[in-house]
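Input: one structure, supplied below.
The values are calculated or read from the model by the stated rules, or taken from the named source; none is laboratory data. Quick caveat: nothing in here was measured; it's all calculated off a predicted structure. Positions of Cβ are generated from backbone atoms using ideal geometry, with glycine treated the same way; all protein chains shown enter the neighbour counts.
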């Protein structure tokens, strides 16, 4: 029986075996944990689906394999381990012959295209997936058509697919056409555009690469998969998305009375409700008046999501950041939303999330309040267009206005900040949404939510 690398999400293309719970020759029972994998989204334990003996481990711990590939072989009850191994070896031999023949044919067809483009600095061109392709590329691909691209009057012709790829990658069209002219190329196909993008990324990479003084930085710390993915996603977000940041100061004093009352009425003595739950609920209410904060931008239009799928950033004890999602957050009242958040955060920290809880977020909350920060400017997580930071709440003196004039009082205050994609909406719209969230937190009838 072949054990395959499972598919853990629409955009997940590979996984890394982090641990095998069984050794070759050991008995495997259905439902027992067989191995653990780590993807760019999460870590997960994979159980056995049948009884038998572990015949072969084809992907060792620490190695990465593509989704659907065979990582191990289990001999079913009554089967001889050696017979299974021999049979699988014969099958693999046939697959390798077929694969080699197909690879040879494909390589021959690619030689002509590869010779069309001269890479800068005499570097070799990768004939497989281009360097710029990543999991993030799939996430950013529009659900509708690719963006249109206008080709000036030119003798150089681009195939329809080449136009789509060029548009989606937002490459410099004049630079592409100039390169074609200098190399006397009249027709541009998909592979040529991909190679051109690769060459440009290689030039940019070599330009931005910094030399490291090993006499100063002399200890290396390996990046886990979550850290590598986070670095990749946020680097691309920062370089592609024109981001702006705004913040407002919020008075949380009135919420203390509501929280105290909710704790008194709760039959569960361990009941807790955090400020984060109030902020999440306020965002859900304010979104009705400002729907563009719950959208995505794709050059031709702004596409608004019908449901508010709240992504909650969760720290994994400094080992990385994971952002699980509460689907349809607008449908939950305060107490229900509080239960969902508490449950989601706890399971995220215990690596016990369901597969679909990793995907589909439309708006993110980054909570640094427990760390005591005063203000945080988070980075937008594409394809979303906005992210809110929730920072520490402290007692501080404020000016209070009443019928008797101004006076100074002690209130619980904190800052809410929002980074947003300036292509999707302007500062006035973003500021109005922040103001609405602030007003809801301070003045909303929270008793109606109990």
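Only one of these is touching a helix residue (DSSP H, G or I) at 6+ places or on another chain (Cβ under 7 Å), closer than 22 Å to residue 298 by Cα and in contact (Cβ under 8 Å) with a residue 60 or more places away in the chain: 363, 359. Name it.
363
Can you report the number of residues in the stretch 38-48 which are out of contact with any helix residue (DSSP H, G or I) (no Cβ under 9 Å at 6 or more places or on another chain) and modelled with pLDDT under 85?
Counting residues in the stretch 38-48 that are out of contact with any helix residue (DSSP H, G or I) (no Cβ under 9 Å at 6 or more places or on another chain) and modelled with pLDDT under 85 gives 1.
Which condition does residue 238 not pass, out of (1) crowded, with 20+ Cβ neighbours inside 10 Å; (2) outside the structural domain of residue 409 (by TED's automatic domain parsing), if it passes all the others?
Of (1) crowded, with 20+ Cβ neighbours inside 10 Å; (2) outside the structural domain of residue 409 (by TED's automatic domain parsing), only one is false for residue 238: (1).
Would you pick out the residues in the stretch 181-202 that are farther than 27 Å from residue 241 by Cα and either modelled with pLDDT under 75 or in contact with a strand residue (DSSP E or B) (Cβ under 6 Å, 6 or more places away or on another chain) (or both)?
Listed by number, the residues that qualify are 181, 182, 183, 184, 187, 188.
Still on this model: Among the residues that make up the stretch 312-320, is at least one of them under 15 Å from residue 382 (Cα atoms) and either surrounded by 14 or more Cβ atoms within 10 Å (Cβ to Cβ) or in contact (Cβ under 8 Å) with a residue 60 or more places away in the chain (or both)?
yes
On to the next question. Take the stretch 331-359 and flag every residue that is assigned to a loop (DSSP other than H, G, I, E, B) and at pLDDT below 90.
The answer is 350, 351, 352, 353, 354, 359.
Taking residue 340 as meeting all but one of (1) without any contact (Cβ under 8 Å) to a residue 24 or more places away in the chain; (2) surrounded by fewer than 17 Cβ atoms within 10 Å (Cβ to Cβ), write down the number of the exception.
If we test residue 340 against (1) without any contact (Cβ under 8 Å) to a residue 24 or more places away in the chain; (2) surrounded by fewer than 17 Cβ atoms within 10 Å (Cβ to Cβ), just (2) comes out false.
Listed here are the residues, each with its yes/no results for (1) more than 21 Å from residue 280 (Cα to Cα); (2) surrounded by 14 or more Cβ atoms within 10 Å (Cβ to Cβ); (3) not assigned by TED's automatic domain parsing to the domain that holds residue 300.
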position	(1), (2), (3)
403	yes, no, no
406	yes, no, no
409	yes, no, no
414	no, yes, no
419	no, yes, no
423	yes, yes, no
426	yes, no, no
438	no, yes, no
442	no, yes, no
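While we're here: Out of the residues in the stretch 11-30 that are outside any strand (DSSP E or B) and at pLDDT 85 or above, which is nearest to residue 233 (Cα to Cα)?
Only one residue fits best here, namely 21.
Among (1) modelled with pLDDT under 95; (2) crowded, with 17+ Cβ neighbours inside 10 Å; (3) assigned to a helix (DSSP H, G or I), which single condition is residue 273 missing?
(3)
If you don't mind, another one. For the stretch 282-305, does any single residue satisfy the condition of being part of a helix (DSSP H, G or I), out of contact with any helix residue (DSSP H, G or I) (no Cβ under 9 Å at 6 or more places or on another chain) and closer than 30 Å to residue 439 by Cβ?
yes
Here is a further query. Can you give me the number of residues within the stretch 369-401 that are assigned to a strand (DSSP E or B) and either surrounded by fewer than 18 Cβ atoms within 10 Å (Cβ to Cβ) or at pLDDT below 95 (or both)?
12
Pick from 323, 250, 303: which is in contact with a strand residue (DSSP E or B) (Cβ under 8 Å, 6 or more places away or on another chain), assigned by TED's automatic domain parsing to the domain that holds residue 429 and either more than 30 Å from residue 231 (Cβ to Cβ) or free of Cβ contacts under 8 Å to residues at least 12 places away in the same chain (or both)?
250
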